[in-house]
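Worksheet: one structure, shown below.
Readers should treat all values here as calculations from the given coordinates under stated rules, not as data from a laboratory. Everything numeric in this text was worked out from a predicted model, so none of it was measured. Here the Cβ is made from the backbone with ideal geometry for all residues, glycine too, and neighbour counts use every protein chain on show.
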Amino acid sequence: MTDPVLGMNEADRRATADPERPDTILRYTAGERTNHWLVAMCFVLAALSGLALFHPALFGLSGLFGGGPWTRILHPFIGLAMVVAFLFFAVKEAAQNRMEARDWAWLRHIGDVVNNREDRLPEVGRYNAGQKLVFYVIVLCLTALLLSGIVIWRAYFSLYFPISGIRVAAVLHAFCAFVLICTIIVHIYSAIWVKGSVRAMTRGTVTPGWAWKHHRAWFREVISHAANSRPRSD
Ligand code: HEM
């Protein structure tokens with residue numbers, strides 16, 4: 001069973017902890033990282049093929065997918081794969097993304113966040129309020145992209161909808177794609193900006209220093225959890 005505080009079960013934690021670096025803390029299991037990078041790959045492909053279909057100036061991108069017709073065929077299936085892959089990730093991460101009182105306080109201190117004055121911020125759990133908001137924007141955008149995408153999927157579904165509905169769905173689809181692309185740019189920028197975060201999603205582990213600096217409440221939970229689950233010597 002997944003631990004609601006740590007986001008993974010104790011067996012996963014022990015099985016995937018880095019044996020070379022026993023001083024590190026496991027943040028993502030191999031399964032979670034594979035899941036995340038699958039979503040990321042689908043996102044890049046969906047964005048490139050979608051942009052190729054969006055405007056004639058970007059049609060050159062269709063060459064990456066074997067030309068116009070192939071781009072049109074592949075784009076909805078890539079989008080669908082992204083939604084399914086994200087669903088698995090989101091179900092595991094949902095409990096960690098609930099907004100708490102300390103998250104609203106964190107947002108009120110956004111000036112200190114962007115100016116790197118982390119000492120003035122309330123203690124952060126596994127995710128900070130910015131990460132949680134990104135999570136919700138992704139959930140909303142993917143839901144809207146899926147629903148509007150079905151309406152404008154000419155090959156299978158469009159014939160069931162009136163033309164006015166298809167037009168509205170096409171605008172909504174483009175708008176949500178724009179918001180999602182901007183959000184993911186912010187997501188990637190933050191991942192690079194907070195030194196040591198990318199390693200969490202590549203190797204799976206973080207240093208205690210990183211956890212203490214950026215996610216102190218989570219660090220305290222991990223430590224107390226580890227202390228409680230250690231076998232007693234008496
Ligand atoms: C394409 C390049 C991407 C990079 C370099 C990247 C990087 C990262 C990193 C380093 C983390 C760990 C942050 C932490 O644990 O504090 C993370 C987490 C996460 N990523 Fe990505 N990511 C990418 C794409 C995506 C995409 C396309 C999505 C969804 C559509 C996504 C959704 C998430 C979510 C929900 C989390 C957990 C919460 C968070 O940190 O915001 N990522 N990503």
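Projected onto its three principal axes, the C-alpha set of the chain covers 72, 39, 31 Å, listed from the longest axis down. Cβ crowding within 10 Å ranks D23, D112, D103 as D23, D112, D103, fewest other Cβ atoms first.
Along region 165-178 the Karplus relation, 6.51 cos²θ - 1.76 cosθ + 1.60 evaluated at θ = phi - 60°, assigns HN-Hα couplings of x, 5, 5, 4, 4, 5, 5, 4, 4, 5, 4, 5, 5, 4 Hz to successive residues, with x for each Gly and Pro. Taking amide H positions as modeled 1.01 Å from N, with prolines and chain starts lacking one, no residue 5 or more places away or on another chain lies under 5 Å from G196. Modelled spin-label separation between V84 and I110, with each label point placed 7 Å from Cα along the Cα-to-Cβ direction: 3.7 nm.
For region 26-226, the relative contact order is 25 percent, taking Cα pairs closer than 8 Å that sit 6 or more residues apart in sequence and dividing their mean separation by the residue count. The I185 and L53 beta-carbon pair, evaluated with R₀ = 25 Å, returns a calculated FRET efficiency of approximately 0.80. Largest GNM mean-square fluctuation across V222, V168, V139, computed for the chain with C-alpha springs under 10 Å, falls on V168. Over all pairs of different C-alpha atoms, region 95-234 has a mean inverse distance whose reciprocal, the Kirkwood radius, equals 18.0 Å. Residue exposure proxy: S164, S197, ordered by other Cβ atoms within 10 angstrom of their Cβ from fewest to most, comes out as S164, S197. Springs between alpha-carbon pairs under 10 angstrom, Gaussian network model over the chain: which of H109, H214, H173 fluctuates most? The residue that fluctuates most here is H109. Comparing K195, K132, K213 in a Gaussian network model of the chain, where Cα atoms under 10 Å apart are tied by springs, the biggest mean-square fluctuation is seen for K195. To the nearest ten degrees, helix 68-93 and the longest principal axis of the Cα atoms of the chain are 30 degrees apart. Summed over qualifying helices (DSSP H, 4 residues or more, each -39500 (n - 2.57)) and divided by its residue number, the chain shows a 222 nm mean residue ellipticity of -21500 deg cm²/dmol. Summarised as an ellipsoid, region 50-109 has semi-axes of 38, 17, 6 Å, derived from the eigenvalues of the Cα gyration tensor scaled by 5 and square-rooted, with the largest first. Fewest neighbouring Cβ atoms within 10 Å first, the residues Y189, Y28 line up as Y189, Y28.
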